[in-house]
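S.K.: Questions regarding the structure given below will be posed in turn.
The values are calculated or read from the model by the stated rules, or taken from the named source; none is laboratory data. No experiment lies behind these values; they were computed from the predicted model shown. Cβ placement follows ideal geometry from the backbone for every residue including glycine, while neighbour counts extend to all protein chains displayed. Remember, those area values only see protein heavy atoms, side chains included, never the ligands or the DNA or RNA. Shrake-Rupley method; radii C 1.70, N 1.55, O 1.52, S 1.80 Å.
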Amino acid sequence: MPFPVGVAFTRVFNEESTVVWQQSRWLPAIVAPAVVAAGVLGVSAASSVDLPGKTPEQVLALVAGHTVDAFSGTLEQHSELGLPELPDVGTPTGDDVAAALDLLAGSHTVRVYVDGPSKARVQVMERFDERDLVRNGADAWLYDSSTQTATHFAVPDAASGHSDMDPQHMGMTPEDLAARFLDTADPSTEVTLGDTTSVAGRAAYQLELDPRTEATLVDMVTIAVDGETGLPLAVTVFAVGQAAPAASVAFTDITLETPPAERFEFTPPPGTTVTEHAKKAEGDKRADSGEEPTTLGRGWETVVVLPAGSAPVDALQSPQLQQLSTTVPGGRLISTALVSVLVTDDGSVLMGAVPPETLLSLASGQ
């Protein structure tokens with residue numbers, strides 16, 4: 001599906017690789033799709049730049065053939081999802097809902113370091129605090145300076161060099177987001193080229209993806225592609241009926257060199273409370289118990305469905321989540337510019353880049 005909701009859900013509900021800032025298993029499943037769609041922030045307007053003429057197919061081939069696997073840079077993320085303004089709850093102190101919702105609002109600056117498929121560091125820089133995700137081979141850390149907490153865990157499939165914590169699969173870079181949109185740019189998507197532009201000082205082509213359906217909240221997606229390497233440098237998502245971008249992520253600076261090895265080393269600062277994340281026993285997979293998320297529909301109209309009991313009662317009682325949702329027959333509904341989420345009374349969750357009415361209809365069996 002072009003909109004990366006299903007991938008985010010599947011990853012969040014894999015206990016071995018829960019890539020979230022706090023420990024709640026269900027709550028990030030609500031916010032992750034919007035965060036992943038938003039990626040990490042804003043694209044500056046730029047005049048057209050000179051690049052060799054190419055067709056959309058040639059730019060797609062440029063992206064598919066790029067070999068950049070080591071870089072560092074700063075990302076800016078911006079979200080205008082139409083969420084209501086939440087009261088100031090201060091610095092999150094163990095409130096998973098507040099911490100996750102914080103990533104959905106406004107703008108964030110993120111430092112990213114990548115060295116191949118098994119080394120990455122992502123730093124979300126706030127005014128006074130910092131949140132880090134660090135992977136170095138088989139080890140990974142999540143750290144939040146505001147709560148002085150860190151979680152250490154082993155990365156699944158580390159020996160093979162592939163896991164949901166590969167930089168290319170974490171939803172943290174324009175490359176990852178672009179891949180999720182482009183993987184299913186089928187006949188349901190019109191692909192064209194806009195004006196050339198400049199991102200982080202690099203000349204770029206602009207792919208434009210236009211859904212050929214009115215049954216989605218996504219109006220258009222633009223992807224800025226580095227004219228020299230083919231590396232995606234920015235992704236901007238426009239919502240139906242909204243003139244300004246609903247979400248964007250772009251490099252403001254980037255260096256195409258291997259970062260120093262020490263960038264991927266992490267030692268918890270003194271005073272940090274460290275939690276060891278227990279590795280799941282071999283063969284213990286959610287697929288064995290039939291708890292894997294399922295999908296309905298296809299393309300831009302895809303809806304991800306999580307089974308009954310996926311949404312715990314304590315998460316639903318969060319004041320922030322209560323304020324974001326409205327009561328509907330059979331459950332509670334969260335509606336944003338790009339994502340709709342329905343939590344039913346039995347704890348099932350339906351989500352997609354579709355109008356709320358679509359989820360309500362599916363839930364009622366219509």
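S.K.: Multiplying the sequence separation of residue 127 and residue 276 by 0.36 nm and subtracting their Cα-Cα distance, what value in nm do you get?
M.R.: 50.8 nm
S.K.: Can you put 357, 76 in order of accessible area, largest first, using a 1.4 Å probe?
M.R.: 357, 76
S.K.: Taking the simple approach of a point 7 Å from Cα along Cα-to-Cβ for both residue 240 and residue 346, what is their distance in nm?
M.R.: So the two model labels end up 2.9 nm from each other.
S.K.: Could you pull out every residue, at least 5 positions away or on a different chain, whose amide H is within less than 5 Å of the one on residue 126? Hs are placed 1.01 Å off N in the peptide plane, and Pro or chain starts have none.
M.R.: When sequence neighbours closer than 5 places are left aside, the close amide H contacts are 131.
S.K.: So, R0 is 41 Å and r is the distance between the beta-carbons of residue 294 and residue 257; what FRET efficiency does that work out to, to 0.05?
M.R.: 0.45
S.K.: Hey, another quick one. When the label point is put 7 Å from the Cα of residue 326 along its Cα-to-beta-carbon vector, which residues of the stretch 339-366 have a backbone N closer than 18 Å?
M.R.: Counting backbone N atoms under 18 Å from the label point, the list is 339-345, 350-364.
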